[in-house]
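This report refers to the structure that appears directly beneath it.
The values are calculated or read from the model by the stated rules, or taken from the named source; none is laboratory data. Values in this document were obtained by computation on a predicted structure and should not be read as measured data. Backbone-built Cβ (ideal geometry, glycine too); neighbour counts: all protein chains shown. These area figures cover heavy atoms from the full protein model, side chains too; ligands, DNA and RNA do not enter into them. Shrake-Rupley method; radii C 1.70, N 1.55, O 1.52, S 1.80 Å.
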Amino acid sequence: MRSRNPVFSRRGFSRDNGYAGFNAAPQAGGPAVGAQGDPYAQGNPYAQPSGGPYAQNPYAQNPYAQNPYAQQDAQYGAPPQAPAAAGRMTMDDVVVRTASTLGVLVVTAALAWALLPVDDAHLSRSYGIGVGAALIAMVLGFVQSFKRKASPALILTYAAFEGVFLGVVSSVVDNRIASGAAMQAVIGTMAVFAAVLLAYKAGWIRVNHRFYGFVMAAALGFVLLMAVNMLFAVFGGGDGLGFRSGGLGIFFGVVGVILGACFLALDFKQVEDGVAYGAPREEAWLAAFGLTLTLVWIYMEFLRILAILNSND
């Protein structure tokens, strides 16, 4: 969550390897930086440790140009794939673990909606519980982000507390501001997910080092701007600088959705690289964690936009 912000834990399957190969460095004894076009040319990035961050851009050339599986697959005209091996991540692993994480989130959100009423008599208590759950989820998200390995229990616990927060916030918006907003936000989130997946599989979105750098810079600027707005709102009262209300609020909400779509593209590339290069199976939990963070981000932006539109009526 990172203030429910995906940017602070946006990294690859392993801290040693960087984000989806973006940060991978040449192995010891290998060619010097700048003489090495492909960080995977010396073998599987999950098979041996690597060095410092941002040493190479794995997308400067065909990342499969020297993949040991490329020659075998080229005979059949098929894209390169990692060989089936016990303990290696597969797409099914990612799907199952993502479904489990989202399932826990949805269940706790539904329970919070049903058990924490948001009428005038109970609003303060329910909202306080929701905020407390959000803070706990934020801490758990940070802890997982800085761990070297995925912790399924930690990720599922994060999902549970995040679900409580989403259930309370969704109930408040749906019952007190914009009836039906929660379902509309869910539909919007699903539509963005499907559209980005289609665009990514069709090759309309090219995730490379430049794309990654642009998205991270834009996300950092967005988060800092929202943080400044929140500080002005807390200490100055009202809507702060007005970035989360009125026309500006709708504009920044749309920007947030677009950033979330970009995060999805990065997540898809992360999963694709992990499967292609044989990441350990437990790394599928990191993929599930990243996808959950991104979907929560998009959902919250949609919910915020709907709340602003209805509050302006």
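Quick notes on this structure:
- Electrostatic tally near ALA112: other residues with Cβ closer than 14 Å to its Cβ, Lys and Arg +1, Asp and Glu -1, net -1.
- The simple spin-label model puts a point 7 Å past each Cα toward its Cβ; for ALA153 and GLU272 those points are separated by 3.6 nm.
- The apolar share of the surface of the stretch 172-230, taken as the fraction of accessible area on carbon and sulfur atoms (1.4 Å probe, ligands and nucleic acids excluded), comes to 71 percent.
- Distance from the C-alpha centroid of the stretch 123-164 to that of the stretch 241-299: 17 Å, rounded to the whole angstrom.
- Estimated inter-spin distance, ALA99 and ALA191, nm [label 7 Å along Cα→Cβ]: 2.6 nm
- Taking label positions 7 Å along the Cα-Cβ direction at both SER311 and ALA199, the computed distance is 2.8 nm, reported to one decimal.
- Per residue, the stretch 143-192 exposes an accessible area of 44 Å² to a 1.4 Å probe, with every protein chain left in place.
- Highest mean packing comes first when the peptides 186-195, 99-108 are listed by Cβ atoms within 10 Å, giving 99-108, 186-195.
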